[in-house]
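The values are calculated or read from the model by the stated rules, or taken from the named source; none is laboratory data. Keep in mind it's a predicted model, so treat the numbers as computed, not measured. Don't worry about glycine lacking a Cβ; one is built from the backbone with ideal geometry, like all the others, and counts go over all protein chains shown. These area figures cover heavy atoms from the full protein model, side chains too; ligands, DNA and RNA do not enter into them. Shrake-Rupley method; radii C 1.70, N 1.55, O 1.52, S 1.80 Å.
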Amino acid sequence: MKLNKWLRRYYKDQIESLQTLDPPLVGQRSHAQIPSKKRVVQWDDILGIIVTAAYILQFLIPTTWFSWGRCLSIFTLGF
Amino acid sequence: MHNQLETWQLYFQTQGFKPSQEAFNVIWMKYYKPLLYFIQNMIRHHAEDLLQEIMMKVYQNLDRFKPWYSFNTWIYTIARNHCINYLKKRKLDLHPVEKWETIENIHAHSHNPEHQLLNQELHQHIDVALQSLDCDLRQIAFLRFYEGMKCRDIAQIMEIPTGTVKSRLHHIRQTIKKELESYDEA
């Protein structure tokens with residue numbers, strides 16, 4: 001029993017001697033750490049895909065489609 | 001200690017285990033120092049960073065805690081597993097032999113000179129005895145003698161059989177008693 005008492009006092013002193021730390025703000029941190037899984041598609045995302053597709057198309061597809069692809073890319077780049 | 005326990009337990013009994021800043025503050029005030037000490041038994045460096053990570057993990061999983069389990073066991077299990085994962089990720093030794101804070105430094109924090117004189121020698125002997133034990137044994141000693149946990153709960157945290165906890169506690173007692181014999185004689 002004496003040993004238990006001594007050890008308990010020893011640990012208590014050790015723990016009391018530790019530096020005091022303030023609790024962090026969890027609300028803000030937790031939101032920052034867990035980003036929302038829901039991804040909203042923006043209009044500029046779609047426009048970016050169209051521009052890229054048009055640019056690639058003008059090299060891949062000859063004749064009529066070539067001009068359509070080029071027109072589309074010039075049109076969208078003009079924005 | 002008992003009143004403190006009742007106060008924080010009362011909070012969760014009335015409010016439930018819902019993650020909130022208030023709940024986090026209650027857990028933080030109750031556990032941050034013992035947890036920091038527990039972590040320092042395993043990892044001396046970055047213990048404060050690990051404490052914050054563990055506390056965040058506890059907070060984020062608070063609504064998953066089943067009230068019929070022991071909260072003490074749950075929080076120390078999270079802490080130990082987090083530390084083990086940290087050491088494994090960095091391929092560090094699971095039982096780093098690191099020098100503990102010297103007794104002079106520890107008592108520099110105490111402002112009561114009488115208290116210092118009474119305890120310094122005894123604590124030096126305990127310190128020497130605990131330093132001679134490996135990391136797992138030091139953690140078992142802490143959980144038993146500071147937290148007053150049952151062997152069954154310690155076994156759950158340490159992931160070892162209850163019988164092993166009992167035999168290790170016997171070894172811890174023998175080691176400390178042997179070291180304290182000289183103090184007792186004096």
Residue satisfying all of: in region B:152-180; without any contact (Cβ under 8 Å) to a residue 60 or more places away in the chain and open to solvent by less than 20 Å² (accessible area, probe 1.4 Å); farthest from residue B:39 (Cα to Cα) among these: B:180
Given (1) open to solvent by less than 50 Å² (accessible area, probe 1.4 Å); (2) away from every other protein chain (no Cβ under 12 Å); (3) in contact (Cβ under 8 Å) with a residue 12 or more places away in the chain; (4) among the small types (Gly, Ala, Ser), number of the condition residue B:129 does not satisfy: (2)
Hey, among B:153, B:184, which residue is at pLDDT below 95 and under 30 Å from residue B:71 (Cα atoms)? B:153
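So that you can scan it fast, the table gives a plain yes or no per residue for (1) at the interface with chain A (Cβ under 10 Å from one of its Cβ atoms); (2) open to solvent by 30 Å² or more (accessible area, probe 1.4 Å); (3) under 18 Å from residue B:143 (Cβ atoms); (4) not in a helix (DSSP H, G or I):
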site	(1), (2), (3), (4)
B:14	no, yes, no, no
B:33	yes, yes, yes, no
B:37	yes, no, yes, no
B:57	no, yes, no, no
B:67	no, yes, no, yes
B:79	no, no, yes, no
Quick one: count up the residues across region B:137-150 that are open to solvent by less than 60 Å² (accessible area, probe 1.4 Å) and more than 19 Å from residue B:33 (Cα to Cα). 1
Taking region B:40-55 and keeping residues touching a residue at least 12 places away in the same chain (Cβ under 8 Å) and within 11 Å of chain A (Cβ to nearest Cβ) leaves B:41, B:48, B:51, B:53, B:55
